[in-house]
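Working notes, beginning with the structure itself.
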Amino acid sequence: MALFKTLKQVKQAMSPEAIKQGLEASRTELSGSSTGLTDEQLAAMAPEQRAAYDAAMEQTARGQAEAATAHREHADREHARRALYGPAGDHVYGPLPSAMPQAVSVEDTMAVTKEQFKDVLRNPFGSRKPTPPPGAPTGAVDRDEQAAAERAARTAAREPYLAPDRPELEFSRMATRSKTQVEEVAAYLGSSGLSGRADLVLGVYRVPDHIGSGVLRSGSRVVEWDVVHAAAPGLPAAAPAAAPFFDAEERWVRRRDGERAPLDEDLALAYLVRAGIGPEQCLGIARTLQITNRGGGEGDSSYTVSQVTGVNVFHPAALGSGVFKHLRGERPLSAEPVAGVRVEVLNWRVIARAVHPETHRRYVVPSPFPYLPSTPQELLRAYLGIVGIRPEDSYGVQVTEDKPWDIQGVSQKGPMTISTNRGDEQPCADGELRRRLTASSRVVLVYRDGPEYVEGRARWSAYERDVLQAALSHGTNTRPAVERPSFLDRGVVGRLYRGAEHVSDFVEGVGGTDPFEKIPPYRYCWPLEE
Amino acid sequence: MTGDPDVTPIGFAATDAPGALVRRRRNPLWLVLAILFGGAGAAAIAWFILAQLDNAAGREDAVANGRVAALRGAPTPAVRFTGQGDYTVWLELDGVRLSNNRELIVAATNCAAAFERGGSTRFRGARQGASVTIGDRSTVGTFSMPAGAVALTCSQQPFGRRGRQRALTAERTFFVTPGDPGIGWQPWVGLFGGIGLLILAAPAFGRYRTGYLRPR
């Protein structure tokens, strides 16, 4: 008889109505909209059953609250980590988690899973091309016309935020030869008269692109420099500028474990302050870049490594006599940030990932995110125009690099990832077409702060938030806390350990040269003070 | 081509602009050196190649022709000829396009020479030091024979991975030329010296192009 009873119960449970009722109940529970048992059901419970039920409900509520807090913290962290939001942020980082945990139904989960499955089928190898923005041309377009139209729209969007009394700026781009580049820039600053009118110059910097191909032409390679100024033509010529150089591999600055690493600009400012050179006398602070092809032997990967090797400080030659020598004698210095001087570091790299993802090609036209600037110079010009920085307050502005990285162009062709150090031909400052790898990571501005710039930065924040949908100071890792190397990387033990690693690699036939291995982790302060 | 509207190109302004304070001086000595290095390097390499071509016996100099037996195939008839001194066996590889297969076929070829006056010698492509290749011909090896007649047979023997041995299953033709394909040490010095000079020519030209800055 018991068997018949069980079979009857099974039949009732498997009836379509019962299955439907069960599924509904599951959905209600998963969506979080369940209100628990009814009052009648609760009243029918024995006291001990009721106590157990209440305890279980309380535990569930605690768990839900903890999950909501964890979700909010994750969302906050993600928000603070990102430098881009909106469509470009979603493209670069993936969708931003919602600030509040949402009730998720089975249908929602199924819809997300279905979409993810479709995405995998559409794109099995993981390369993601951004979806063109609404209204973007779909067919072939004239690159120049399209780029000009997008730029005009960005200029119009910037207009309401611009400082009322901003100066007219000129970016003069000059070609130099790698070996003589600093002397050439110094000479140009003299011949153009800018060296005699430093109050009209905002900065000079080496354009961080790698121009030309071939490995044997390091000295004669064309290197471009930009001079950002507000001068009209026809200044009387002056003496060439001075440009003392601070080598990043020398220990200029004293830092202990856990202290903040110095910025290149901090050291340059320490020099300028000691020399009594104000922003109206400073021509520029320029990080020195070295771009080299490395590796590429049989079975070895090749790299085109861009790294900061130091900083040049450009100023009229008559100033700062003997100060460099004195500072060298006083090393290591403290080089703390200077009060009253603002050092702004903007994350260009993240924008480049959205609008110029392949360094061996030109930026994408039509732009997948036309509200973002196409070049770091456009971003620099936007900041200068909105904050309204005057040349006499500027120590230096630059488009530059930070951490060493491999600037080779990477393309995804189906299952293949293609890496190349041969860029497309693009016009150089002398009018010649040369192959170019376009690189840069940061836009750095150093200026004397003032109340009008506080207002200007408020405008910039609004522009960043409303137009760029960005927080470009995020992800720049400015002045990170320095860390001592581990026990295995220090002293005799470190040397022995590295030697053993090399022997092991050699025996196993693996390894190759890691171009980043010998680059010190911090500039100007390595090795750290004990 | 889209230029960057944010920047104004001004060329090599430091050295070429009308009011430039400095000018780039280029020492013609570096250009002369670059040309000399480049020319001498190219000439030395060309000399090496010509020496090889001159020394290599042509097809028309062959004193005997034969066939190399295929791997696991029927033996081919021995080639007989009369002479004295050094002789080189050349394998004809026309129709074999992949360089890997060419090297495999040369390495797998084994030859045996039996002399009329007694004695014999064996040699194989895999043990000849350096194989000389001219066009579609590669050497299998060189042997010395006493005056008189010789009977020479060649066959392909298993060599390398089994999966690649399909290339050895066809008969090949060979011929024998008098002399040794080797050249003296001087052309080799020319080859390596020439490569070194070509490498030096590049930085010399770079040095010329870079020049140095001088006040106007």
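If you count the DSSP beta bridges with both ends in chain A, what percent of them are antiparallel, to the nearest 5? Please list the in-between numbers first.
Details: 57 of 59 bridges.
Looking only at bridges with both residues in chain A, the antiparallel portion is about 95 percent.
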Exercise. Quick one: Cα centre-to-centre distance for the range A:281-331 and the range A:252-274, in angstrom?
Worked result: 15
Problem set entry | Euclidean distance between Cα centres, the range B:5-77 to the range B:162-186, Å | 28
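For residue A:50 and residue A:493 in the same chain, what is the full-extension length gain: residue separation times 0.36 nm, less their Cα-Cα distance, in nm? Numbers along the way, then the final one.
On the way: separation 443, 0.36 × 443 = 159.48 nm, distance 6.60 nm.
Extra length available between residue A:50 and residue A:493 comes to 152.9 nm.
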Problem set entry | Test item: A:220-230 mean partner chain Cβ contacts at 10 Å | 2
Exercise. Once you put a point 7 Å from the Cα of residue A:239 and another 7 Å from the Cα of residue B:62, both along the Cβ direction, what distance in nm separates them?
Worked result: 8.3
Exercise. Taking the Cα atoms only, what angle lies between the long axis of helix B:99-108 and the longest principal axis of chain B, rounded to 10 degrees?
Worked result: 30
For this session: For helix A:181-191, report the angle its Cα long axis makes with the longest principal axis of the Cα atoms of chain A; keep it between 0 and 90° and round to the nearest 10°.
Result: 60
Seminar exercise, completed: Residues whose built amide H sits under 5 Å from the amide H of residue B:6, excluding neighbours closer than 5 in sequence, are none
For this session: Only residues of the range A:149-179 count here: report those whose backbone N is under 14 Å from the spot 7 Å along Cα→Cβ of residue B:8, or say none.
Result: A:168-174
For this session: Calculate how steeply helix A:16-30 sits against the longest principal axis of the alpha-carbon atoms of chain A, using the helix alpha-carbon long axis, and give the answer as 0 to 90 degrees to the nearest 10.
Result: 40
Seminar exercise, completed: So for R0 = 22 Å, FRET eff. of residue A:405-residue A:96 from the Cβ-Cβ r, to 0.05, ends up at 0.30
Problem set entry | Burial ranking of peptide ranges A:222-235, B:106-119, A:136-149 (average Cβ count within 10 Å, highest at the top) | A:222-235, B:106-119, A:136-149
Exercise. So who's got an amide H within less than 5 Å of the one on residue A:177, skipping anything under 5 residues away but keeping other chains? H placed 1.01 Å off N, in plane.
Worked result: A:223
For this session: Taking each pair of different alpha-carbon atoms in chain B once, compute 1/r for the pair, average those values, and report the inverse of that mean as the Kirkwood hydrodynamic radius in Å to one decimal.
Result: 21.6
For this session: Evaluate the distance, in nm, between pseudo-label points positioned 7 Å from the Cα of residue B:114 and of residue A:321 along their respective Cα→Cβ axes.
Result: 10.0
For this session: Scan around residue B:76 for amide H atoms under 5 Å from its own, H built in the peptide plane at 1.01 Å from N, and keep only partners 5 or more places away or cross-chain.
Result: B:69
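Please list B:132-142, A:196-206 highest first by mean number of surrounding beta-carbon atoms within 10 Å per residue.
Numbers: B:132-142: 19.5, A:196-206: 24.8.
Result, highest mean Cβ count within 10 Å first: A:196-206, B:132-142.
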Exercise. With the Cα gyration tensor of the range B:58-180 giving a ≥ b ≥ c as the square roots of its eigenvalues, does the rule (a/c under 1.5 for rounded; else a/b larger than b/c for prolate; else oblate) give rounded, prolate or oblate?
Worked result: prolate
Seminar exercise, completed: Phi-derived 3J(HN,Hα) across the range A:486-499 with the Karplus relation (6.51, -1.76, 1.60, θ = phi - 60°), rounded Hz, x for Gly and Pro, is 5, 3, 6, 9, 10, x, 5, 4, x, 5, 4, 5, 5, x
Exercise. Using every alpha carbon pair in the range B:30-126, what percent of pairs falls into each 5 Å bin from 0 up to the bin containing the largest distance?
Worked result: 2, 9, 14, 17, 17, 13, 8, 6, 5, 4, 3, 2, 1
Problem set entry | Whole-Å distance, taken between Cα centres, linking the range A:455-530 and the range B:81-142 | 58
For this session: For the range B:55-72, just list the computed ³J(HN,Hα) in residue order, Karplus coefficients 6.51, -1.76 and 1.60, θ = phi - 60°, integers in Hz, with x standing in for Gly and Pro.
Result: 6, 6, 5, x, 4, 6, 8, 4, 9, 7, 10, x, 10, 8, 5, 6, 4, 6
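When N is the residue count of chain A, what does its C-alpha Rg come to as a fraction of 2.2 N^0.38 Å?
1.26
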Problem set entry | In order through the range B:181-190: 3J(HN,Hα) via Karplus (6.51 cos²θ - 1.76 cosθ + 1.60), integer Hz, x for Gly, Pro | x, x, 10, x, 6, 4, x, 5, 4, x
For this session: Please list A:465-476, A:481-492, B:44-55 highest first by mean number of surrounding beta-carbon atoms within 10 Å per residue.
Result: A:465-476, B:44-55, A:481-492
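None of the figures in this text is laboratory data; all of them are computed from the coordinates on show. The shown structure was predicted, so the numbers you read here are calculated from the model rather than taken from an experiment. For neighbour counting, all protein chains shown are included, and Cβ atoms are generated from backbone atoms with ideal geometry for every residue, glycine included.
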